[in-house]
Amino acid sequence: MNLIIGIILFLSLAVVFLLFRSTEILSVAKKKIATSFEDSNNSFNAISGVVFMFLSFAVIFWYSYDQFENYFLPMASKHAPEVELLFWVTMAVTFTVFIITQVVMFYFGYRYRYKKERKAYFYPENHKLEIVWTVIPAIVLVGLIGWGLVKWNNIMGPPPKDAVVIEIMGYQFAWASRYPGPDNELGDANYKLIDVDNIVGIDFTDSSSLDDFMPREIHIPKGKPVLFKIKARDVIHSVYLPYMRSQMNAVPGMPTQMWFIPTKTTAEMREETGNENFNFEIVCNKICGRAHFSMKHTVIVEEEWEYIKWKNEQKSWIEKNPDYYANFVKNNSTDVAVLND
Amino acid sequence: MEITKTSTKPKVQEHDHHDDHHDQSFITKYIFSEDHKMIAKQFLITGIFWAIVGGAMSSLFRIQLGFPDMDLTALSPIIGNWLTPQGKIDPEVYLALITMHGTIMVFFVLTAGLSGTFSNFLIPLQIGARDMASGFMNMLSYWFFFLSSIVMFVSIFVEGGPASGGWTIYPPLSALPQAVSGSGMGMTLWLVSMALFIVSALLGSLNYITTVINLRTEGMTFFRMPLTIWAFLVTAILGVLSFPVLLSAALLLIMDRSFGTSFYLSDIYIAGEALSNQGGSAILFQHLFWFLGHPEVYIVILPSLGITSEIIATCSRKPIFGYRAMVYSIFGIGVLSFVVWAHHMFISGMNPFLGSVFTILTLIIAVPSAVKAFNYIATLWRGNIVFTPAMLFSIGLVSFFISGGLTGLFLGNSVVDINLHDTYFVVAHFHIVMGSASFFGLFAGVYHWFPKMFGRMMNRTLGYFHFWVTFIGAYLVFFPLHYIGIAGFPRRYYSFTNFETGRIESFIDLNTFVSFAAIITFIAQFVFLFNFFYSMYRGRKAPKNPWNSNTIEWTTPREPGHGNWPGAIPKVERWPYDYSKPGSDKDYIPQHIPLSKTPESNMPEDSSR
Ligand code: HEM
Ligand SMILES: [Cu+2]
Ligand SMILES: [Cu+2]
């Protein structure tokens with residue numbers, strides 16, 4: 001292997017060097033002044049530009065068409081198709097401009113390549129033309145922005161009142177989630193209370209924290225708005241759900257949030273993708289250290305009744321960690337809230 | 001615009017006899033030189049050194065991405081302690097490599113290497129000055145850059161490795177050595193190096209601005225300056241206004257790291273310990289950083305745009321189309337670049353209303369950029385195009401500027417950015433519009449002004465070879481990354497083997513292909529290096545004005561000495577774009593030829609140019 005690479009390298013070097021020597025010697029022999037514009041390569045370069053352009057268009061079209069399924073992810077939230085529509089309209093606009101400008105540019109290069117007998121056309125300006133191509137992009141942009149902002153405000157705006165609230169905390173290098181429990185209220189948390197067991201620092205002096213539970217995997221119901229309250233405890237991370245087209249950074253010291261309405265259950269996605277191991281995953285999308293690349297967390301989307309069933313089966317955190325709670329009560333006996341039943 | 005008389009007259013005389021005493025010592029001539037041409041070459045050579053380092057690093061991490069199972073033990077004599085026992089790159093080393101790669105490319109190559117070389121070289125020569133306003137400050141600017149380079153280079157080898165929080169060094173990651181080992185000594189050196197770098201950039205920029213404003217030769221009004229000079233001027237202004245903000249961001253970070261303050265830190269529990277810092281804001285750093293960061297991308301691209309404007313006009317044998325529009329769009333871009341910074345932060349958690357504002361501002365900046373692209377193409381129309389290597393690279397730049405600029409419309413629209421932010425789509429976007437385009441401007445400039453720098457010609461055929469391999473190569477490397485990004489693959493990932501179940505396979509082949517292309521493209525750059533160094537000593541001697549160009553640097557001797565013109569500085573009589581003027585029998589009329597000598601081709605508009 002190494003030998004082959006070595007030989008290839010050596011051969012290409014040799015070719016380049018020969019190319020160089022021969023042209024250098026040739027040009028000296030022909031006594032060409034070093035700058036003559038009549039360069040036999042001029043047409044070669046002009047034509048190569050056009051050829052290169054058409055080849056790349058062919059490859060781009062082929063790949064974009066052939067691999068569509070591979071790079072276009074199924075959409076699994078209510079706003080995903082709206083975002084994608086704008087994405088693809090932008091794609092249509094930009095791709096058209098891309099094709100036109102590149103074609104025109106390389107065509108001009110070919111059409112107007114140097115000829116000794118021709119003189120270029122002295123054409124320093126044309127105000128009308130310039131105004132046209134300032135105003136048209138401006139109008140198109142206003143359209144794209146206006147559309148984008150309407151969607152942006154919907155997606156980033158306040159979540160519906162009945163949203164399912166879940167706290168997500170990123171830490172090196174995993175995610176934790178906390179549900180409010182039957183009282184539908186997340187208890188307080190304080191980073192100073194964090195330790196090996198209580199990884200998010202739940203504050204048990206707040207009575208609404210007593211029924212909070214922290215599952216291994218996040219479950220959310222299809223068709224219901226879901227609100228993630230996002231935190232980080234060490235460095236910045238980012239909650240990214242590619243199939244939902246949702247993303248929000250997790251910042252230490254500054255709670256953030258994002259919400260969306262899932263539209264496909266995990267089971268449905270498994271069917272759609274033909275992959276029975278498919279799972280939605282929160283992937284970390286902000287550089288956060290050594291294991292950034294493997295920081296992820298499974299999210300299970302299920303029908304609402306399945307979700308309710310699952311939720312009712314969950315044991316609260318203190319039920320799972322009775323000793324920890326007992327200890328906490330002992331150490332904070334004065335102001336601990338008591339389970340009042 | 002009427003001619004503004006500049007105050008260079010006394011200076012001109014004082015310098016007139018300057019090039020009689022050429023007997024400088026080696027040290028004052030080559031090392032502590034105050035001559036702008038020598039300083040330009042120093043920047044260029046240092047920039048080339050850094051480009052090799054940065055490029056080699058990218059090949060290394062492209063190997064990791066393209067051939068994740070490859071055993072690199074064979075490389076251990078060079079990179080021994082960066083490898084795991086299995087012969088793979090360590091994940092933290094990967095992060096360190098991309099951080100250094102990004103820092104090196106953006107700051108050391110495309111800011112210092114590009115502006116440092118061409119602003120220094122071309123400003124005095126093209127505006128008709130003997131040298132920079134302050135040769136001494138100019139020399140200091142290089143040596144601060146040199147010091148900064150040394151510190152950055154040393155940081156690669158310190159215990160714990162170099163900075164590894166990405167070139168954007170967001171705290172808390174960059175503030176806490178507990179978070180990643182590169183945030184220890186490596187980060188300290190990164191900050192020191194950048195502080196020195198900023199000093200260098202400021203010294204340089206202030207000099208460029210002063211020189212352009214004060215030292216223009218007689219007749220060189222603002223609107224007779226070549227577009228290169230406009231671009232360098234605006235670049236320098238951007239630098240002066242934005243680099244101090246980076247410095248302040250860095251200083252606050254230093255305070256947080258070493259003196260227990262809490263500017264950026266709040267509510268942190270790390271390595272089994274709750275830190276006492278409270279009340280800081282991690283987002284504050286991002287605002288400060290991008291207040292520099294966005295103008296910085298224009299600091300990187302504007303000089304290249306200036307260079308290509310000049311080359312495209314010269315090699316199409318036509319005036320640049322819409323000279324004034326070009327000037328105004330350079331200014332427009334410059335001003336707007338200060339009010340778009342938060343488009344890098346749409347999903348950072350800042351108020352969504354701010355997101356809306358920055359979306360609007362961001363897409364406005366697309367307009368002057370589009371104008372520039374259209375004007376380039378209009379310049380080609382009905383030209384008489386000579387494809388010198390410099391011209392090829394300029395056309396390549398326009399191609400990249402369009403391709404990469406268009407993807408900016410996706411990222412700048414906040415709602416579309418939600419899904420694209422920090423994915424490979426971004427990597428594709430900025431490598432094309434900023435990386436490739438600026439690099440092409442750099443190459444174009446070197447090929448075009450090499451004869452003036454070294455008095456010799458570079459070999460053309462190798463230039464063509466270099467262009468085609470690099471042009472095709474760059475597209476092959478960076479275009480496919482769009483697909484990977486649309487598919488939601490995050491950037492700064494060491495490996496995708498752990499990425500979402502069932503998606504590992506989707507781009508394995510494509511990644512391998514990209515890595516192949518990247519390594520071949522990198523190796524092809526050595527053809528350029530060979531051509532560069534060989535031609536420096538053995539190239540064919542250059543004629544005085546090899547490209548039949550109008551600008552006045554071509555009126556200097558083949559190898560201009562100290563003071564640039566042996567006699568008086570030529571007086572400028574017209575704008576720089578009188579190519580193929582109707583009536584004239586030559587297809588160019590240099591700037592120092594008075595209108596009175598060309599009655600056959602004069603036009604009514606000439607008086608206003
Ligand atoms: C030799 C050709 C190059 C190759 C193959 C290359 C490849 C890459 C890749 C694959 C990454 C992303 C790594 C990751 O996110 O995991 C990257 C990052 C980056 N590159 Fe390049 N690159 C090249 C040249 C350049 C140039 C010319 C620039 C100048 C602007 C540049 C600037 C950057 C920056 C700013 C980053 C981001 C670093 C970070 O994430 O902090 N690169 N490069
Ligand atoms: Cu993370
Ligand atoms: Cu920006």
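Give me the residue from region B:452-475 that is charged (D, E, K, R) and in a helix (DSSP H, G or I) and, out of that set, farthest from the other protein chains (Cβ to nearest Cβ).
B:K452
The set of residues in region A:146-189 that are over 20 Å from the mean Cα position of the chain (by Cα) and outside any loop (DSSP other than H, G, I, E, B) comprises A:G146, A:W147, A:V150, A:V164, A:V165, A:I166, A:E167, A:A176, A:S177, A:R178, A:Y179, A:A189. Does A:T265 satisfy the condition of being more than 28 Å from B:F346 (Cβ to Cβ), surrounded by 21 or more Cβ atoms within 10 Å (Cβ to Cβ), in contact with a strand residue (DSSP E or B) (Cβ under 9 Å, 6 or more places away or on another chain) and in the same structural domain as A:W175 (by TED's automatic domain parsing)? It is true that A:T265 is more than 28 Å from B:F346 (Cβ to Cβ), surrounded by 21 or more Cβ atoms within 10 Å (Cβ to Cβ), in contact with a strand residue (DSSP E or B) (Cβ under 9 Å, 6 or more places away or on another chain) and in the same structural domain as A:W175 (by TED's automatic domain parsing).
Could you tell me whether B:L406 is within 12 Å of chain A (Cβ to nearest Cβ) and over 21 Å from B:G306 (Cα atoms)? No.
Restricting the search to region A:136-192, which residues are among the aromatic types (F, W, Y) and away from ligand 2 (no atom under 16 Å from the Cβ)? If the condition is that a residue be among the aromatic types (F, W, Y) and away from ligand 2 (no atom under 16 Å from the Cβ), then A:W147, A:W152, A:Y179, A:Y191 are the ones that fit. Screening the candidates B:F338, B:F331, B:F346 for the property of being hydrophobic (A, V, I, L, M, F, W, C) and either within 16 Å of ligand 2 (Cβ to nearest atom) or buried (at least 22 other Cβ atoms within 10 Å of the Cβ) (or both) yields one hit, B:F346. Here A:A189 passes the criteria (1) crowded, with 17+ Cβ neighbours inside 10 Å; (2) touching a His at 6+ places or on another chain (Cβ under 8 Å) except the one numbered (2). The numbered conditions (1) over 26 Å from the mean Cα position of the chain (by Cα); (2) away from ligand 1 (no atom under 14 Å from the Cβ); (3) of a type in the set (A, V, I, L, M) are all true for B:L411 except (1).
For region A:152-171, check the following and say yes or no: at least one residue is farther than 27 Å from B:G355 by Cβ and either of a type in the set (S, T, N, Q) or at pLDDT 95 or above (or both).
No, there is no match, as no residue in region A:152-171 is farther than 27 Å from B:G355 by Cβ and either of a type in the set (S, T, N, Q) or at pLDDT 95 or above (or both).
Of all residues assigned to region A:108-131, none qualifies as being in a helix (DSSP H, G or I) and closer than 19 Å to B:L409 by Cβ. Scanning region B:595-609 for residues that are within 10 Å of chain A (Cβ to nearest Cβ) and acidic (D, E) yields a single hit, B:E605. Within region B:208-245, which residues are assigned to a helix (DSSP H, G or I), of a type in the set (S, T, Y) and surrounded by fewer than 21 Cβ atoms within 10 Å (Cβ to Cβ)? Within region B:208-245, just B:T210 meets the criteria.
The condition of being touching an Asp or Glu at 6+ places or on another chain (Cβ under 9 Å), more than 7 Å from every other protein chain (Cβ to nearest Cβ) and surrounded by 22 or more Cβ atoms within 10 Å (Cβ to Cβ) holds for only one of B:N384, B:N375, that being B:N375.
Taking region B:476-497 as the search range and keeping residues that are of a type in the set (A, V, I, L, M, F, W, C) and in a helix (DSSP H, G or I), which one is nearest to the other protein chains (Cβ to nearest Cβ)?
B:I486
Determine, yes or no, whether B:V427 is more than 9 Å from chain A (Cβ to nearest Cβ) and over 15 Å from the mean Cα position of the chain (by Cα). In short, yes. Does at least one position in region B:90-105 carry a residue that is within 13 Å of chain A (Cβ to nearest Cβ) and assigned to a loop (DSSP other than H, G, I, E, B)? The answer is yes; a qualifying residue exists.
Summed over region B:156-173, the residues that are in a loop (DSSP other than H, G, I, E, B) and either away from every other protein chain (no Cβ under 12 Å) or within 16 Å of ligand 3 (Cβ to nearest atom) (or both) give a count of 9. Of the residues making up region B:395-408, those that are within 16 Å of ligand 3 (Cβ to nearest atom) and either surrounded by 24 or more Cβ atoms within 10 Å (Cβ to Cβ) or under 18 Å from B:I377 (Cα atoms) (or both) number 4. Counting only residues that are without any contact (Cβ under 8 Å) to a residue 60 or more places away in the chain and not β-branched (V, I, T), how many does region B:236-257 have? Qualifying residue count, region B:236-257: 10.
Applying the condition of being in a helix (DSSP H, G or I) and of a type in the set (S, T, N, Q) to region B:391-426 and asking which residue is nearest to B:P352 (Cα to Cα) yields B:S414.
Residue-wise test of (1) within 13 Å of chain B (Cβ to nearest Cβ); (2) in contact with an Asp or Glu (Cβ under 9 Å, 6 or more places away or on another chain); (3) not polar (S, T, N, Q).
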| site | (1), (2), (3) |
| --- | --- |
| A:M105 | yes, no, yes |
| A:R111 | yes, no, yes |
| A:Y121 | yes, no, yes |
| A:A174 | yes, no, yes |
| A:Y179 | no, yes, yes |
| A:Y191 | yes, yes, yes |
| A:G201 | yes, yes, yes |
| A:L210 | no, yes, yes |
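Residue-level check: of (1) modelled with pLDDT of 95 or more; (2) buried (at least 24 other Cβ atoms within 10 Å of the Cβ); (3) within 30 Å of B:K452 (Cβ to Cβ); (4) not basic (K, R), B:T103 misses just (3).
B:D422 meets the conditions (1) within 16 Å of ligand 2 (Cβ to nearest atom); (2) more than 9 Å from every other protein chain (Cβ to nearest Cβ) in every case but one. The failed one is (2). Number of residues in region B:487-507 that are more than 19 Å from A:Y243 (Cα to Cα) and either within 16 Å of ligand 3 (Cβ to nearest atom) or at pLDDT below 85 (or both) equals 0. Return a yes/no flag: does region B:507-525 have any residue that is touching a residue at least 60 places away in the same chain (Cβ under 8 Å), at the interface with another protein chain (Cβ under 8 Å from one of its Cβ atoms), hydroxyl-bearing (S, T, Y) and surrounded by 20 or more Cβ atoms within 10 Å (Cβ to Cβ). No, that holds for no residue.
Scanning region B:259-295 for residues that are among the charged types (D, E, K, R) and more than 8 Å from chain A (Cβ to nearest Cβ) gives a single hit, B:E273.
Matching residues to (1) part of a loop (DSSP other than H, G, I, E, B); (2) facing chain A (nearest Cβ under 9 Å); (3) more than 30 Å from A:F20 (Cβ to Cβ):
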position	(1), (2), (3)
B:W547	yes, yes, no
B:E553	no, no, no
B:H562	yes, no, yes
B:K571	yes, no, yes
B:K581	yes, yes, yes
B:I593	yes, no, yes
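Among the residues of region A:65-94, those that are part of a helix (DSSP H, G or I), surrounded by fewer than 19 Cβ atoms within 10 Å (Cβ to Cβ) and more than 8 Å from every other protein chain (Cβ to nearest Cβ) comprise A:Y65, A:D66, A:F68, A:E69, A:P81, A:E82, A:E84, A:L85, A:W88, A:V89, A:A92.
The values are calculated or read from the model by the stated rules, or taken from the named source; none is laboratory data. Everything quoted here is computed from the prediction, not taken from an experiment. All Cβ positions, glycine included, derive from the backbone under ideal geometry; neighbour counts span all protein chains shown.
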